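Beneath this line is the structure, given in structure tokens, with notes to follow.
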Amino acid sequence: MLELDAVRIEQDGFRLAADLAVPRGALVAVIGPSGAGKSTLLGAIAGFVPVADGRILWDGRDIGALAPGARPLSILFQDQNLFPHLTLAENVGLGLHPGLRLTGSDRAQVAEALARTGLSALAGRRPGQVSGGEQGRAALARLLLRRRPLWLLDEPFAALGPALKAEMLDLCAGIAAETGATVLMVSHDPADARRFAPETILVAGGRAEPPRPTAALLADPPPALADYLGQ
Amino acid sequence: MRPFLIAAGLTLATQAMAQTPVLTVYTYDSFVSDWGPGPAVEAAFEAECGCDLRFVAAGDGAALLARLELEGATTDADVVLGLDTNLTGRAAATGLFAPHGLTPALDLPIGWDDPLFLPFDWGHFAFVYDSTKLADPPGSFAALAASDISILIQDPRSSTPGLGLLMWVKAAEGADAAAMWEALADNIVTVTPGWSEAYGMFLEGEADMVLSYTSSPAYHRIAEGDDTKAYAAFAEGHYLQVEVAGKLAATDAPELADAFLAFMLSDGFQAVIPETNWMFPAVTPAGGLPEGFGDPVPAERTLYLPPEEAAAVRDAALAEWRDALAR
Amino acid sequence: MARRAGTLNLAAGAAAAGVGLLTLVPLAAVAWRAGGLPAPGPADWAVLRFTLWQAVLSATLSAGLAVPVARALARRRFAGRGLIITLLGAPFLLPVIVAVLGLVAIFGRAGLMNAGLSALGLPTVSVYGLGGVVLAHVFLNLPLATRLILQGWLSIPSERFRLAESLGMGPAEVRRFLEAPMLAAVMPGAWLAIFLVCLTSFAVALVLGGGPGATTLEVAIYQAFRFEFDLGRAAALALMQAALCLAAVTVAGRAASRPGPGAGLDRAGARVPAGGIWRRAVDTLAIGLATAFLLAPLAAVVVSGLPNVAGLPPAVWAAAGRSLAMALAATGLALALALPLALAAARAEGRGTGWGAIAMLPLAVSPMVVGTGLFLLLRGLAPPAVLALPVTVAVNAAMALPFAFHALLPAARALTADYGRLADSLGMAGLARLRLLTLPRLRRPLGFSAGIAAAFAMGDLGVVALFGDPDRATLPLQLYRLMGAYRMEAAAGAAVLLMALTLGLFWIFDRGGRADA
């Protein structure tokens, strides 16, 4: 379980407070107006944004002092999720060993993950030589291999077309379900939240609310969300 | 077992080295270069001393003295070779040198009674020109200043000949030195940091004359068969540079140092000097000077400020030079 | 976040300590030995004014003139472009004395330019004086500025140019939105590097300055050390020089701390748009003039020296081999210093001028004083002659550090901005991060830096003259010895050999950089 215990984030006059818990295996959307702090919230959990006060706990253990790579989570950013000078296979392999020291069985796992995401034929290509959708799949394949229990998705598929995005989300949800991962996914699109996440965290007015059932939240949005949704 | 063997080996090696006494001679770099006197001198002295002669080179004469002053009494040097009479005043004042105790017969244009330093070669500063390009060389500083002949000189702050010229003008003109520098200013193409730059630029035709030595044309005659280089004889005379060596008071090999100083004035050393250092030997070797080396400036046309006097006028002369040439 | 910065800061701290040992510590040793520092007098202030003035002029002209040349080289593709880029680097990499003699052969009183002028019946021009000093400094530093700025151009991802083209941007808009911000980020560093090189100028200032009016601080330090043996004054002047440098680093560092152009996906294809006929003509002119200006003096050196190369004595060849080995060692050391400092500076963005100032220190302190200080510090440890080679390697590496650092910094910034978080999130750290991320992403500037460092180390700086190891002379020292022994022709041959080796080393290391440049 992920717990944000009275967390406060302060950055150049920007403030965000969060006091919430996400149960293991949950698929949770994070929505809210632009600039409300959705990415900041994920950045704080991942260890890139300093926390002014409060604790971040995973299964009861305070992870606030861990380096980003040591936290029990994987994060995908809006872009730059792959290293352009490494092949897709190497990029995926980094999920197993950050120094790419791979054993034979590691390599087999990489091949399996690439096959699972439909990238077998592209294993030797570099990110610049494949499509945006294929880059997204490679990032997912790495997520799969890292086997961290918590995934933070900071709109990694925002640049993709609706059909491709939907495909990615489905793939993601499928893999998450297989591995039992807990997922926090930032989204601009209520349709994404409906499709993917039974529960949603609303970030607005300097606060990240505890997760609520997505359908109910979107059906009866509080004023800040209603403005954002244009209702 | 193994550390012991290594230690034993080291001890043996040290003993082997200790059996051959070592004489450390500090000198300037060009002395020890493959084209300088160093290699021949080392071979000749080691053949008769049964010792290991080690040269340590440090830049030029001024750098040599600077190193010695930095090291002080803890210096490894037994002998310092390559100071000139513009530096010996300061060198003597360090108190690091011991009297040489010799009274050799020297072929020098001046009398020599310095108790600490012995000369090994000497030469006169002069402006060298190419006789195919300059038909009518000037016969004095005044004639040079009045002409539109261009010259290359060296900076007295960084070069031995540059300092020599400073002294030359001071010795020749005395109180009028500042005025002479002002008159010369428009003849000077540029002031180089060292002799090499100026001489190289002169050979490329960058100026009509270059400050060098009266013995410079001998190099071109003897080594290159080129007769076209000559020096302009000045009526007021030419300033003398005497290069000297001295024994350190703190030497741990005083006998060897004495032997080296004596050797320095023998043929084994002196005969090497003309065609390596391109200076006049302090004692003319038995075989005489090499064919084509030319005659030295006669004693009566020699200008020379003894070390104390040179030291006394140096700072004022530099200030005159700087004020006159800083445009 | 703090964890990963720990190892890096440790490496950068070690590098900084190394730089300090090679710069400030020797300076302090000289001051300590002197027993104090005298206050500067009026003559010193005049020297300071001239030093500053010529350095500002030289840096501004070099950096300004480099912009059209770098732009032309970024825009044009033609046969021999790679060769020209390498050759344009030559003046900067040459031993100063060789460069100066080449310049004199072209611009001197008896040089080609004046021969041409008088053939046309025009009055001749004298280079000696402030003009000569600046001319020589532009000659020596225009190539460095061009390369640094060209790196800036090449660091703009092709995606940006494509985006600009797709938006229908003309050259003016491209300049405003893409090139101007890049220049604003790159120019202060290039300007600063040249300013600092010129601040400690010695031989150029003396040969082409025409006389004591063109006395720089370094010349004054020479005088204090050799002529007066006044260590206190030498240290005081060196301290003045270091203070100037740090002030310049702070000012330029503030101006330079702007974001880079952002990441691309390493796609091949359209680079800088080529533009129309007018632009083509301007570019051709810029490349043509720069090539003529920079290569004519080099050609003069080659023409006078080439026939003498084959006949060079064995001692010169031995020295060449020794210099090569030392250059390689110095290159490794220079990169080991520059990389952690550049990465630390990139990571400490905004607060990174401290690392930058440390990387610039070697340019700021007088070589003469550093040599003396090292001598004082080390002579108790081992015989100076034994230390001559290692100290030369260390000092040469330190002298190359500012340039290596500046070549690496923009790429290090981009790397940190674009992939720092990704690497952190994957737990990539230490050697693995170096091998998988840093080295491959920085391949181009690393190659360039290594090339510069190697070339620098070939051109011995004479810092260690005091250490005096007569039996193991370097190639530049042999060159001086040949000149000192009247053997000007052999010296010209040695100069060509030195130039060829220097350029060869630079070319080999820089190849990685030129592969997609």
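Observations on the structure shown:
- Summary value for chain A: 29 percent relative contact order, contacts being C-alpha pairs under 8 angstrom separated by 6+ residues.
- Model label sites at C:TRP53 and C:LEU381, defined 7 Å from Cα along the beta-carbon direction, differ in position by 4.2 nm.
- Ordered by the number of other Cβ atoms lying within 10 Å of each residue's own Cβ, fewest first, B:LYS133, A:LYS38, B:LYS229 fall into the sequence B:LYS133, B:LYS229, A:LYS38.
- Within chain C, helix-based [θ] at 222 nm, where runs of 4 or more DSSP H residues each add -39,500 (n - 2.57), nearest 500: -24500 deg cm²/dmol
- At R0 = 22 Å, FRET efficiency that the Cβ-Cβ distance of C:ILE508 and A:HIS97 yields, to 0.05: 0.10
- Alpha-carbon Debye profile of the stretch B:174-327, log10 I(q)/I(0) at 0.14, 0.17, 0.20 Å⁻¹: -0.96, -1.24, -1.40
- Relative contact order of the stretch A:86-146, defined on C-alpha pairs under 8 angstrom at six or more residues apart (%): 50
- Where Rh is the Kirkwood radius over Cα pairs, Rg/Rh for the stretch B:236-288: 1.07
- Using C-alpha pairs below 8 Å separated by at least 6 residues, the relative contact order for chain C is 25 percent.
- Note on C:474-481: average number of Cβ atoms from other chains within 10 Å of each residue's Cβ is 3.
- Scaled radius of gyration (Cα, divided by 2.2 N^0.38 Å) that the stretch B:239-327 gives: 1.48
- If you bin all the Cα-Cα distances of chain B at 20 Å, starting from zero, the percentages per bin are 31, 54, 13, 2, 0.
- Which of B:TRP112, C:TRP153, C:TRP45 has the fewest Cβ neighbours within 10 Å, and the rest in rising order: C:TRP45, B:TRP112, C:TRP153
- Hydrodynamic radius of the protein assembly as shown by the Kirkwood approach over all distinct alpha-carbon pairs: 32.9 Å.
- Computed from the alpha carbon positions, the gyration tensor of chain A leads to an equivalent ellipsoid with semi-axes of 30, 20, 15 Å, biggest first.
- Directionally averaged projected area (convex hull, Cα atoms, the stretch A:152-216), nm²: 4.7
- Cβ-based exposure ranking for B:LYS247, A:LYS165, in which fewest neighbours within 10 Å come first: A:LYS165, B:LYS247
- Free-standing Cys residues across the protein assembly as shown, given no other cysteine C-beta under 4.7 angstrom: A:CYS172, C:CYS198, C:CYS245
- Taking the square roots of five times each eigenvalue of the Cα gyration tensor of the stretch C:279-423, the equivalent ellipsoid has semi-axes of 33, 30, 14 Å, listed largest first.
- Per-q log10 I(q)/I(0), the stretch C:160-222, q = 0.22 Å⁻¹ (Debye; single scatterer per alpha-carbon; no solvent): -0.85
- Share of Cα-Cα pairs in the stretch C:5-92 lying beyond 22 Å, as whole percent: 66
- DSSP H segments from chain C that extend 20 Å or more along their own axis, Cα-based, with Kyte-Doolittle mean of 0.0 or above: C:2-22, C:42-75, C:130-154, C:180-199, C:231-256, C:277-305, C:314-347, C:384-425, C:443-458, C:488-514
- Under the span-like rule (Cα at least 30 Å along the axis, Kyte-Doolittle mean at least -1.0), DSSP H helices of chain A: none
- With Cα atoms as the point set, the radius of gyration and Dmax of the stretch A:86-146 evaluate to 10.1, 29 Å.
- Pairwise Cα distances in the stretch A:15-58 exceed 12 Å in 67 percent of cases.
- Looking at chain C, the pairs of alpha carbons with a distance over 41 Å make up 19% of the total.
- For peptide C:101-108, the mean count of partner chain Cβ atoms within 10 Å of a residue's Cβ comes to 3.
- Shape descriptor for the stretch A:9-136: Rg over Rh equals 1.02 (Cα atoms; Rh from the Kirkwood inverse mean 1/r).
- What the Cα atoms of the stretch B:153-225 give is an Rg and a Dmax of 13.3, 42 Å.
- Cα gyration tensor shape for the stretch B:101-231, rounded if a/c is under 1.5, else prolate or oblate: oblate
- From the C-alpha gyration tensor of the stretch C:99-139, square roots of 5λ in Å: 19, 11, 7
- Mean partner shielding of peptide C:121-131, defined as the number of other chain Cβ atoms within 10 Å of each residue Cβ, is 1.
Bear in mind these aren't lab numbers, they're just calculated from the coordinates by the rules spelled out. Because the structure is a prediction, the values reported are computed rather than measured. Positions of Cβ are backbone-derived with ideal geometry, glycine not excepted, and every protein chain shown enters the neighbour counts.
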